[in-house]
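See structure below.
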Amino acid sequence: MRLTPLVSAAVVLSMSGASFAQEWIEFANREDRFTCNFPSPPNVTEITYRSERGADLPARVYSAMQGQSRYSVTVVDYNQAQRLLAEKARSCPAGAEPCLGSPGDEGHWKADLRGAIVYASWRFMQRDVKLTSLVWNTVDLVEGHQLQLTNNADKSRTFAGIYMHENKLYIIEGTVPAGYPEPGLFQQSLGWLDENGIGLRYQSVYSNGFPAPPRVKRAGRP
(Lines give C-alpha, C1' and ligand atoms only; values in the text may rest on other atoms or scores of the structure.)
Protein backbone atom coordinates (compact mmCIF):
# COMPACT_ATOMS: atom_id res chain seq x y z
CA MET A 1 0.00 0.00 0.00
CA ARG A 2 1.30 3.44 -0.88
CA LEU A 3 1.90 6.33 1.47
CA THR A 4 1.98 9.05 -1.19
CA PRO A 5 -0.93 10.02 -3.45
CA LEU A 6 0.83 9.57 -6.79
CA VAL A 7 4.07 7.91 -7.85
CA SER A 8 5.39 6.22 -11.00
CA ALA A 9 6.68 2.68 -11.16
CA ALA A 10 8.50 0.80 -13.94
CA VAL A 11 7.49 -2.81 -14.34
CA VAL A 12 8.37 -5.61 -16.71
CA LEU A 13 5.56 -7.65 -18.20
CA SER A 14 5.78 -10.85 -20.15
CA MET A 15 3.19 -11.32 -22.86
CA SER A 16 2.84 -14.26 -25.30
CA GLY A 17 6.44 -15.29 -24.65
CA ALA A 18 7.92 -11.85 -25.37
CA SER A 19 9.22 -9.63 -22.57
CA PHE A 20 9.12 -5.87 -22.75
CA ALA A 21 9.38 -2.91 -20.39
CA GLN A 22 6.27 -0.84 -19.90
CA GLU A 23 5.90 2.25 -17.78
CA TRP A 24 2.80 2.10 -15.60
CA ILE A 25 1.64 4.82 -13.24
CA GLU A 26 0.14 4.61 -9.80
CA PHE A 27 -2.94 6.79 -10.16
CA ALA A 28 -4.53 8.36 -7.09
CA ASN A 29 -7.82 10.23 -6.76
CA ARG A 30 -8.48 12.01 -3.47
CA GLU A 31 -12.12 12.81 -4.29
CA ASP A 32 -13.04 9.15 -4.72
CA ARG A 33 -10.31 8.08 -2.27
CA PHE A 34 -8.62 5.26 -4.15
CA THR A 35 -5.35 4.38 -5.86
CA CYS A 36 -4.77 1.94 -8.70
CA ASN A 37 -2.09 1.15 -11.28
CA PHE A 38 -2.90 2.05 -14.89
CA PRO A 39 -0.84 1.71 -18.09
CA SER A 40 -1.45 5.44 -18.76
CA PRO A 41 -3.34 8.31 -17.10
CA PRO A 42 -6.97 7.18 -17.17
CA ASN A 43 -9.81 8.95 -18.89
CA VAL A 44 -12.58 10.00 -16.50
CA THR A 45 -16.22 9.73 -17.56
CA GLU A 46 -19.29 10.78 -15.56
CA ILE A 47 -22.09 8.20 -15.79
CA THR A 48 -25.35 7.22 -14.09
CA TYR A 49 -25.50 3.81 -12.42
CA ARG A 50 -28.92 2.31 -11.77
CA SER A 51 -29.01 0.39 -8.50
CA GLU A 52 -30.96 -2.80 -7.79
CA ARG A 53 -33.86 -0.79 -6.32
CA GLY A 54 -33.89 1.69 -9.18
CA ALA A 55 -31.90 4.64 -7.83
CA ASP A 56 -30.01 6.51 -10.56
CA LEU A 57 -26.72 7.09 -8.78
CA PRO A 58 -23.85 9.38 -9.83
CA ALA A 59 -20.72 7.47 -10.81
CA ARG A 60 -17.34 7.95 -12.45
CA VAL A 61 -15.45 5.56 -14.70
CA TYR A 62 -11.64 5.78 -14.75
CA SER A 63 -10.43 3.85 -17.82
CA ALA A 64 -7.31 3.21 -19.90
CA MET A 65 -6.25 0.85 -22.69
CA GLN A 66 -3.00 -0.87 -23.59
CA GLY A 67 -3.25 -2.46 -26.99
CA GLN A 68 -6.29 -4.72 -26.89
CA SER A 69 -6.37 -4.81 -23.09
CA ARG A 70 -8.87 -2.66 -21.20
CA TYR A 71 -8.72 -1.45 -17.61
CA SER A 72 -11.29 0.49 -15.59
CA VAL A 73 -12.34 1.47 -12.09
CA THR A 74 -15.97 2.53 -11.64
CA VAL A 75 -16.88 4.41 -8.46
CA VAL A 76 -20.60 4.65 -7.60
CA ASP A 77 -21.79 7.04 -4.88
CA TYR A 78 -24.34 5.12 -2.83
CA ASN A 79 -24.51 8.01 -0.35
CA GLN A 80 -27.26 9.30 -2.65
CA ALA A 81 -29.37 6.12 -2.46
CA GLN A 82 -31.41 7.02 0.62
CA ARG A 83 -32.50 10.40 -0.72
CA LEU A 84 -33.26 9.16 -4.23
CA LEU A 85 -35.21 6.10 -3.15
CA ALA A 86 -37.14 8.02 -0.49
CA GLU A 87 -38.20 10.49 -3.19
CA LYS A 88 -39.17 7.62 -5.48
CA ALA A 89 -41.18 5.96 -2.69
CA ARG A 90 -43.39 9.05 -2.39
CA SER A 91 -44.83 8.32 -5.83
CA CYS A 92 -45.63 4.66 -5.04
CA PRO A 93 -49.32 3.69 -5.01
CA ALA A 94 -50.84 3.58 -1.53
CA GLY A 95 -50.00 0.32 0.19
CA ALA A 96 -47.50 -0.79 -2.46
CA GLU A 97 -44.91 -2.04 0.02
CA PRO A 98 -42.52 -3.54 -2.57
CA CYS A 99 -41.60 -0.04 -3.74
CA LEU A 100 -42.73 1.90 -0.69
CA GLY A 101 -40.65 0.35 2.05
CA SER A 102 -41.14 0.81 5.77
CA PRO A 103 -40.65 3.94 7.90
CA GLY A 104 -36.93 4.67 8.02
CA ASP A 105 -36.33 2.43 5.02
CA GLU A 106 -38.29 4.32 2.38
CA GLY A 107 -37.78 2.78 -1.05
CA HIS A 108 -35.80 -0.06 0.57
CA TRP A 109 -32.64 2.04 0.48
CA LYS A 110 -31.06 -0.04 3.26
CA ALA A 111 -31.34 -3.24 1.23
CA ASP A 112 -30.11 -1.37 -1.84
CA LEU A 113 -26.98 -0.28 0.00
CA ARG A 114 -26.39 -3.57 1.76
CA GLY A 115 -26.79 -5.62 -1.42
CA ALA A 116 -24.71 -3.42 -3.71
CA ILE A 117 -21.76 -5.83 -3.98
CA VAL A 118 -23.99 -8.83 -4.70
CA TYR A 119 -25.98 -6.87 -7.29
CA ALA A 120 -22.83 -5.68 -9.09
CA SER A 121 -21.55 -9.27 -9.16
CA TRP A 122 -24.87 -10.45 -10.61
CA ARG A 123 -24.61 -7.80 -13.35
CA PHE A 124 -21.29 -9.27 -14.49
CA MET A 125 -22.87 -12.70 -14.69
CA GLN A 126 -25.62 -11.41 -17.00
CA ARG A 127 -23.06 -10.83 -19.74
CA ASP A 128 -22.33 -13.40 -22.47
CA VAL A 129 -19.58 -14.94 -20.37
CA LYS A 130 -18.56 -18.10 -18.55
CA LEU A 131 -17.96 -17.49 -14.84
CA THR A 132 -14.78 -19.34 -13.86
CA SER A 133 -14.31 -17.99 -10.32
CA LEU A 134 -16.28 -16.07 -7.69
CA VAL A 135 -14.67 -15.63 -4.27
CA TRP A 136 -14.88 -13.43 -1.21
CA ASN A 137 -11.84 -11.18 -0.98
CA THR A 138 -10.42 -8.17 0.84
CA VAL A 139 -8.29 -5.23 -0.24
CA ASP A 140 -6.45 -3.79 2.75
CA LEU A 141 -9.16 -5.65 4.72
CA VAL A 142 -12.08 -3.95 2.94
CA GLU A 143 -14.32 -6.87 1.98
CA GLY A 144 -15.75 -7.59 -1.44
CA HIS A 145 -16.04 -10.08 -4.30
CA GLN A 146 -13.50 -11.14 -6.88
CA LEU A 147 -14.62 -12.63 -10.19
CA GLN A 148 -12.98 -14.22 -13.22
CA LEU A 149 -14.94 -14.56 -16.46
CA THR A 150 -14.27 -15.76 -20.01
CA ASN A 151 -16.03 -13.98 -22.88
CA ASN A 152 -17.97 -16.53 -24.92
CA ALA A 153 -17.52 -14.58 -28.18
CA ASP A 154 -13.79 -13.87 -28.38
CA LYS A 155 -12.40 -15.84 -25.41
CA SER A 156 -10.99 -12.68 -23.82
CA ARG A 157 -10.75 -12.86 -20.03
CA THR A 158 -12.08 -10.40 -17.50
CA PHE A 159 -10.81 -10.14 -13.93
CA ALA A 160 -13.02 -8.04 -11.70
CA GLY A 161 -13.15 -6.91 -8.09
CA ILE A 162 -16.12 -5.30 -6.33
CA TYR A 163 -15.74 -3.53 -2.99
CA MET A 164 -17.75 -1.14 -0.82
CA HIS A 165 -16.05 1.53 1.28
CA GLU A 166 -17.73 4.44 3.04
CA ASN A 167 -20.90 3.92 0.97
CA LYS A 168 -19.03 4.05 -2.31
CA LEU A 169 -19.02 1.01 -4.60
CA TYR A 170 -15.74 0.30 -6.41
CA ILE A 171 -15.81 -1.96 -9.48
CA ILE A 172 -12.34 -2.76 -10.85
CA GLU A 173 -12.27 -4.53 -14.20
CA GLY A 174 -9.35 -5.70 -16.35
CA THR A 175 -9.96 -7.46 -19.68
CA VAL A 176 -7.18 -9.09 -21.72
CA PRO A 177 -7.28 -10.96 -25.06
CA ALA A 178 -7.25 -14.76 -25.24
CA GLY A 179 -3.83 -16.17 -24.47
CA TYR A 180 -2.59 -13.09 -22.58
CA PRO A 181 -1.48 -13.26 -18.94
CA GLU A 182 -4.05 -12.21 -16.37
CA PRO A 183 -3.90 -8.50 -15.44
CA GLY A 184 -2.41 -9.17 -12.02
CA LEU A 185 -0.57 -5.84 -11.73
CA PHE A 186 -3.83 -3.99 -12.24
CA GLN A 187 -6.07 -6.33 -10.28
CA GLN A 188 -3.92 -6.31 -7.15
CA SER A 189 -3.09 -2.60 -7.11
CA LEU A 190 -6.38 -1.19 -5.81
CA GLY A 191 -5.98 0.68 -2.54
CA TRP A 192 -7.75 3.23 -0.36
CA LEU A 193 -6.92 6.79 0.65
CA ASP A 194 -8.01 8.49 3.84
CA GLU A 195 -9.29 12.06 4.10
CA ASN A 196 -5.68 13.32 3.99
CA GLY A 197 -4.71 11.39 0.87
CA ILE A 198 -2.66 8.85 2.86
CA GLY A 199 -2.79 5.12 2.16
CA LEU A 200 -5.42 3.42 4.32
CA ARG A 201 -5.50 -0.09 5.78
CA TYR A 202 -7.67 -1.53 8.55
CA GLN A 203 -6.61 -3.73 11.46
CA SER A 204 -9.51 -6.14 10.90
CA VAL A 205 -12.14 -6.74 8.22
CA TYR A 206 -14.13 -3.67 7.17
CA SER A 207 -17.75 -4.39 6.24
CA ASN A 208 -19.63 -1.41 4.86
CA GLY A 209 -22.58 -0.35 7.00
CA PHE A 210 -21.00 -1.52 10.26
CA PRO A 211 -18.69 0.44 12.57
CA ALA A 212 -15.27 0.74 10.97
CA PRO A 213 -12.45 -1.13 12.73
CA PRO A 214 -9.28 0.75 13.81
CA ARG A 215 -6.91 1.80 11.06
CA VAL A 216 -3.28 0.82 10.82
CA LYS A 217 -1.19 3.79 11.96
CA ARG A 218 1.16 5.05 9.26
CA ALA A 219 3.69 7.83 8.87
CA GLY A 220 2.10 11.10 7.78
CA ARG A 221 -1.28 10.37 9.33
CA PRO A 222 -2.40 12.61 12.22
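The values are calculated or read from the model by the stated rules, or taken from the named source; none is laboratory data. From a predicted model like this one, the values you see are computed outputs, not experimental measurements. Note that we place each Cβ from the backbone using ideal geometry, even for glycine, and neighbour counts take in every protein chain shown.
Starting from residues that are among the hydroxyl-bearing types (Ser, Thr, Tyr) and in a loop (DSSP other than H, G, I, E, B), keep the ones in the stretch 177-222 and report whichever is surrounded by the most Cβ atoms within 10 Å (Cβ to Cβ). Let's see the steps before the verdict.
So in the stretch 177-222, the residues among the hydroxyl-bearing types (Ser, Thr, Tyr) come out as 180, 189, 202, 204, 206-207.
With in a loop (DSSP other than H, G, I, E, B) added as a condition, the list becomes 180, 189, 204, 207.
On the way: TYR180: 16, SER189: 21, SER204: 9, SER207: 16.
The residue in question is SER189.
Give the residue that is nearest to ASN208 (Cα to Cα), with candidates limited to residues of the stretch 110-145 that are in contact (Cβ under 8 Å) with a residue 12 or more places away in the chain and among the aromatic types (Phe, Trp, Tyr).
Looking at residues that are in contact (Cβ under 8 Å) with a residue 12 or more places away in the chain and among the aromatic types (Phe, Trp, Tyr), I get TYR119.
Restrict the check to the stretch 88-102 and report whether at least one residue is of a type in the set (Gly, Ala, Ser) and under 18 Å from the mean Cα position of the chain (by Cα).
Initial filter on the stretch 88-102 (of a type in the set (Gly, Ala, Ser)): 89, 91, 94-96, 101-102.
With under 18 Å from the mean Cα position of the chain (by Cα) added as a condition, the list becomes none.
Among the residues of the stretch 88-102, not one is of a type in the set (Gly, Ala, Ser) and under 18 Å from the mean Cα position of the chain (by Cα), which makes the answer no.
Out of everything in the stretch 37-67 that is in contact with a helix residue (DSSP H, G or I) (Cβ under 7 Å, 6 or more places away or on another chain) and either hydrophobic (A, V, I, L, M, F, W, C) or free of Cβ contacts under 8 Å to residues at least 24 places away in the same chain (or both), what residue ends up being surrounded by the fewest Cβ atoms within 10 Å (Cβ to Cβ)?
PRO58
What about MET15, is it modelled with pLDDT of 95 or more and either surrounded by 15 or more Cβ atoms within 10 Å (Cβ to Cβ) or basic (Lys, Arg) (or both)? Before you say what the answer is, go through the steps one by one.
Working: modelled with pLDDT of 95 or more: no; either surrounded by 15 or more Cβ atoms within 10 Å (Cβ to Cβ) or basic (Lys, Arg) (or both): yes.
No.
For residues that are under 17 Å from HIS165 (Cβ atoms) and not small (Gly, Ala, Ser), scanning just the stretch 40-60, find the one that is nearest to the chain's Cα centre (by Cα). Give the steps one after another, and end with the answer.
So the first thing to find is which residues in the stretch 40-60 are under 17 Å from HIS165 (Cβ atoms), and the list is 49, 51, 57-60.
After this cut, where a residue has to be not small (Gly, Ala, Ser) as well, the list is 49, 57-58, 60.
On the way: TYR49: 13, LEU57: 14, PRO58: 14, ARG60: 11 Å.
Only one residue tops the list, namely ARG60.
Over 16 Å from the mean Cα position of the chain (by Cα), within 18 Å of GLN188 (Cα to Cα) and at pLDDT 95 or above - does that describe any residue in the stretch 69-79? Steps first, please.
Initially, the stretch 69-79 is screened for residues over 16 Å from the mean Cα position of the chain (by Cα), giving 69.
Next, only the ones that are within 18 Å of GLN188 (Cα to Cα) stay: 69.
With the extra rule that they be at pLDDT 95 or above, the set shrinks to 69.
Yes, the stretch 69-79 contains at least one residue that is over 16 Å from the mean Cα position of the chain (by Cα), within 18 Å of GLN188 (Cα to Cα) and at pLDDT 95 or above.
Does the stretch 160-175 contain at least one residue that is more than 14 Å from the chain's Cα centre (by Cα) and not in a helix (DSSP H, G or I)?
Our first condition is that a residue be more than 14 Å from the chain's Cα centre (by Cα); within the stretch 160-175, this holds for 175.
Right, trim to not in a helix (DSSP H, G or I) and you get 175.
Looking for residues that are more than 14 Å from the chain's Cα centre (by Cα) and not in a helix (DSSP H, G or I), one finds at least one in the stretch 160-175, hence yes.
Go over the candidates GLU26, GLU52, GLU46, GLU31 one by one and state the one that is within 25 Å of VAL118 (Cα to Cα) and part of a strand (DSSP E or B). Outline the logic, then answer.
Details: GLU26 fails: within 25 Å of VAL118 (Cα to Cα); GLU52 fails: part of a strand (DSSP E or B); GLU31 fails: part of a strand (DSSP E or B).
It is GLU46.
Check GLY174, GLY161, GLY184 and return the single one that is touching a helix residue (DSSP H, G or I) at 6+ places or on another chain (Cβ under 7 Å) and without any contact (Cβ under 8 Å) to a residue 60 or more places away in the chain. Write out each step before concluding.
Working: GLY174 fails: without any contact (Cβ under 8 Å) to a residue 60 or more places away in the chain; GLY184 fails: touching a helix residue (DSSP H, G or I) at 6+ places or on another chain (Cβ under 7 Å).
After applying the criteria, what remains is GLY161.
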